[in-house]
Amino acid sequence: MPYSDGLETDSKGDIITNPVIGWTTATLAGMSVFLAIHYVETPLELETEDSESIQMVLTPQQCLELAERLTNLALSLLEDQSGSVAHVN
């Protein structure tokens, strides 16, 4: 599959995305963190509850960096949304 800037794309060049439906976390041997991201590939799988998952092991530092990046992105989106609503009123 073609890659654009490290992102997986389809034959049209569109970035492939899959809805996340959940995750599982745990610590491993007191040294690292286990993370499984559960996702679906098609809308039908949402109805049938068929899902895929990818399983990863992260260091504590990686977890902190990922959490900080996700938090900053989410806060930015929420600020943008609340700003849009404020302009409408």
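Results, tabulated for the structure shown:
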| quantity | calculated |
| --- | --- |
| Members of region 40-89 that are surrounded by 11 or more Cβ atoms within 10 Å (Cβ to Cβ), assigned to a helix (DSSP H, G or I), hydrophobic (A, V, I, L, M, F, W, C) and modelled with pLDDT of 80 or more | C63, L64, L66 |
| In region 63-73, the residues that are out of contact with any strand residue (DSSP E or B) (no Cβ under 8 Å at 6 or more places or on another chain) and not small (G, A, S) | L64, E65, E68, R69, L70, T71, N72, L73 |
| Which numbered condition I37 misses (of (1) aliphatic (A, V, I, L, M); (2) in contact with a Phe, Trp or Tyr (Cβ under 8 Å, 6 or more places away or on another chain); (3) part of a helix (DSSP H, G or I)) | (3) |
| Residue satisfying all of: in region 33-59; of a type outside the set (D, E, K, R) and out of contact with any strand residue (DSSP E or B) (no Cβ under 7 Å at 6 or more places or on another chain); nearest to N18 (Cα to Cα) among these | T42 |
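The values are calculated or read from the model by the stated rules, or taken from the named source; none is laboratory data. This structure is a prediction, so every number in the text was calculated from the model and none was measured. A quick note on method: Cβ atoms are made from the backbone with ideal geometry, for glycine too, and the neighbour counts reach across all protein chains shown.
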